[in-house]
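Structure first, commentary second.
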Amino acid sequence: MDGLNKGLRKIEVAVRWDPSPAGQPSTDLDLIAATYLADDPHGDPAYLVHFDSRSPDGTITLNRDSKDGQGFGYDEVMTLELDRLDERYARVVVGVVIQQHPAERTFVSVRNPGLRIREGYTVLAEDDFGGVLGATATTVAEFAREGSGPWAFRAGLRGFEGDPVDFTRTMGAAGRS
């Protein structure tokens, strides 16, 4: 029956958090997806998708962007249409960064954060960022395939401490063996 497995097709990654207390600077979490070429799956990203960009082919889109957590339900939502992604891409890593304005923040200061990754109505992973409280950014999911085979999902948060720009350059290195 393995020949019938089409793997993952259309994925939704969603992040939520509560607004900062009155009088405090707003908290801004951002979803980021990095795509990696088959001939260099752990090198530099081929491209990034985040709050002010999009994938060149429209397969990865940020459907909802919040700067303060004042949304209904999930504040940031990204869709990854893996079944439409060109075969030259073998890996997609998704992360969450905390915008660092006006002072450095880590996940311990984010009120009521949550993560949900699903395909259709099937929840693949949920988390509250409790394992990365001292981090300023974290990877949340990795999707990979061999050749033209089906996409597979690897859950797990891997925290990062430092500048969000540095995170986008190194977020795919976390999966190196």
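The values are calculated or read from the model by the stated rules, or taken from the named source; none is laboratory data. As the structure is a computational prediction, the values presented were derived from the model and not from experiment. Glycine gets a Cβ as well: all are built from the backbone with ideal geometry, and neighbour counts include every protein chain shown. Side chains are part of the model used for accessible areas, which takes the heavy atoms of the whole protein and leaves out ligands, DNA and RNA. Shrake-Rupley method; radii C 1.70, N 1.55, O 1.52, S 1.80 Å.
A few comments on the model shown:
- Lone unmet requirement of (1) open to solvent by 60 Å² or more (accessible area, probe 1.4 Å); (2) free of Cβ contacts under 8 Å to residues at least 12 places away in the same chain for SER53: (1)
- With respect to the conditions (1) in a strand (DSSP E or B); (2) under 15 Å from LEU31 (Cα atoms), ALA90 falls short on a single one, namely (2).
- The residue list ASP65, ASP75, ASP86 contains one member that is open to solvent by 50 Å² or more (accessible area, probe 1.4 Å) and closer than 25 Å to PRO21 by Cα, which is ASP65.
- Unique residue being at pLDDT 95 or above and not polar (S, T, N, Q) when the list is ALA137, ALA155, ALA103: ALA137
- Selection within the range 63-87 - more than 17 Å from the chain's Cα centre (by Cα) and either more than 23 Å from ARG9 (Cα to Cα) or free of Cβ contacts under 8 Å to residues at least 24 places away in the same chain (or both): ASP68, GLN70, GLY71, PHE72, GLY73
- Flag for LEU124 being open to solvent by 20 Å² or more (accessible area, probe 1.4 Å), more than 14 Å from ALA90 (Cα to Cα) and not in a loop (DSSP other than H, G, I, E, B): yes
- Answer from GLY58, GLY71, GLY131 - the residue that is under 19 Å from LEU157 (Cα atoms) and not in a strand (DSSP E or B): GLY131
- In the range 134-177, the residues that are under 13 Å from the mean Cα position of the chain (by Cα), part of a strand (DSSP E or B) and of a type in the set (Gly, Ala, Ser): ALA137, ALA141, ALA155, GLY156, GLY159
- Number of positions in the range 39-74 that are over 15 Å from LEU85 (Cβ atoms) and of a type in the set (A, V, I, L, M): 1
- Members of the range 29-50 found to be of a type in the set (D, E, K, R) and open to solvent by 10 Å² or more (accessible area, probe 1.4 Å), listed by number: ASP39, ASP40, ASP44
- Check on GLU146, surrounded by fewer than 14 Cβ atoms within 10 Å (Cβ to Cβ) and under 13 Å from ARG16 (Cβ atoms): no
- Candidate set from the range 1-28 (those that are surrounded by fewer than 21 Cβ atoms within 10 Å (Cβ to Cβ) and of a type in the set (A, V, I, L, M, F, W, C)); member that is farthest from ALA137 (Cα to Cα): MET1
- Against the conditions (1) in a loop (DSSP other than H, G, I, E, B); (2) surrounded by fewer than 14 Cβ atoms within 10 Å (Cβ to Cβ), ARG105 satisfies every one except (2).
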